[in-house]
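Single-structure report; data block below.
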Amino acid sequence: MPKLEANLQFMFNEFPVLERYDMAAQLGFKGVEIQSPYGISIEDIVYRLNKNNLKHVIINTPVSDPDTGMNNISLRPDRKKIYRNRTAMAIEYAHGLKCDGVNIGIGQAPDNFSKEEINETLLENILFASDELKKIGVKALLEPINVLDQPGFFVNTSKSAINIINRLNHPNLFLLYDFYHMQIMEGDLARTVSENLNLIGHIQIADNPGRNQPGTGEINYSFILQYLDKIGYENWVGCEYYPTKTTQESLSWADIWL
């Protein structure tokens, strides 16, 4: 049975952030994820986790550029020091929240640098983050994202991310596979997941088009979730979608899973 968890940056937006932990638990979730917990103290989040018997599954490294606001410092040769400092922030929170993984961030290709410079910088930063996260027993997760929502995203297919993972061959580097993004970019979802199961550290779901809850678009999640069980996927499945109404109303598809 898939272990569904709620993305609190997308879901339960009817409530203040900390109350979203309570609501997720009340509706049956055993795990949660959130991209950016950094405006809240670790102690306040841990209180909600303990109160609700929740697992905090993943967070993201904060990768916004202080000058441009773009989430791509992992690609900029002139931002390596900032990326290392942000990795330290992610490690502090991931350790305090007892996360399984951290999405270490890629972003849109910056101007004024060659593709070779960008690629070398990304590889260096990935290795750094993978090493540092390994020290606390947390997975480094690499997520390809579609170029319709984020034009110019530097790693935008599962193949390109897997090539990086295989090239670096780091024992603590894994693929974050998002069905929504990969449906847009390549399709062939079930085969891709099955063939790369050993590399996948986390999965996220939303339907396409619209990035709404399963059952609102073209992806057959009734099949997909059963298929994940069939092939032996044992990690968490993050619900990273925009509810079309309230979050509770959007969860009818998950009744058999929660």
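The values are calculated or read from the model by the stated rules, or taken from the named source; none is laboratory data. Just so it is clear, the structure is predicted and the values come from calculations on it, not from any experiment. Here the Cβ is made from the backbone with ideal geometry for all residues, glycine too, and neighbour counts use every protein chain on show.
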Search result, residues across the range 70-97 that are more than 20 Å from residue 124 (Cβ to Cβ) and touching a helix residue (DSSP H, G or I) at 6+ places or on another chain (Cβ under 8 Å): 92, 93, 94, 96, 97
With the condition kept exactly as written, say whether any residue in the range 239-248 is in contact (Cβ under 8 Å) with a residue 40 or more places away in the chain, closer than 30 Å to residue 136 by Cα and part of a helix (DSSP H, G or I). no
Taking the condition of a type in the set (Phe, Trp, Tyr), crowded, with 22+ Cβ neighbours inside 10 Å, part of a loop (DSSP other than H, G, I, E, B) and in contact (Cβ under 8 Å) with a residue 60 or more places away in the chain, does residue 233 pass? no
Selection over the range 212-230 where residues are under 17 Å from residue 4 (Cα atoms), assigned to a loop (DSSP other than H, G, I, E, B) and either small (Gly, Ala, Ser) or free of Cβ contacts under 8 Å to residues at least 24 places away in the same chain (or both) yields a count of 2
Which condition number in (1) crowded, with 20+ Cβ neighbours inside 10 Å; (2) of a type outside the set (Gly, Ala, Ser); (3) not in a strand (DSSP E or B) is the one that residue 209 fails? (1)
Quick check on this structure: which one of 117, 143, 132, 92 is under 12 Å from the mean Cα position of the chain (by Cα) and in contact (Cβ under 8 Å) with a residue 12 or more places away in the chain? 143
Here's a check for you: in the range 66-96, which residue that is of a type in the set (A, V, I, L, M, F, W, C) and surrounded by fewer than 21 Cβ atoms within 10 Å (Cβ to Cβ) is farthest from residue 130 (Cα to Cα)? 70
Among the residues of the range 34-70 satisfying the criterion of being small (Gly, Ala, Ser) and within 24 Å of residue 80 (Cβ to Cβ), which is nearest to the chain's Cα centre (by Cα)? 36
In the set 80, 51, the lone residue that is farther than 15 Å from residue 104 by Cα and either basic (Lys, Arg) or modelled with pLDDT under 95 (or both) is 51
Would you say residue 219 is of a type in the set (A, V, I, L, M, F, W, C), surrounded by fewer than 19 Cβ atoms within 10 Å (Cβ to Cβ) and more than 18 Å from residue 105 (Cα to Cα)? no
Has the range 14-26 got at least one residue that is without any contact (Cβ under 8 Å) to a residue 40 or more places away in the chain and not in a helix (DSSP H, G or I)? yes
Name every residue in the range 27-58 that is surrounded by fewer than 20 Cβ atoms within 10 Å (Cβ to Cβ), outside any loop (DSSP other than H, G, I, E, B) and not basic (Lys, Arg), in order of residue number. 42, 43, 44, 46, 47, 49, 50, 52
Only one residue in 111, 100 is of a type outside the set (A, V, I, L, M, F, W, C) and over 18 Å from the mean Cα position of the chain (by Cα), so which one is that? 111
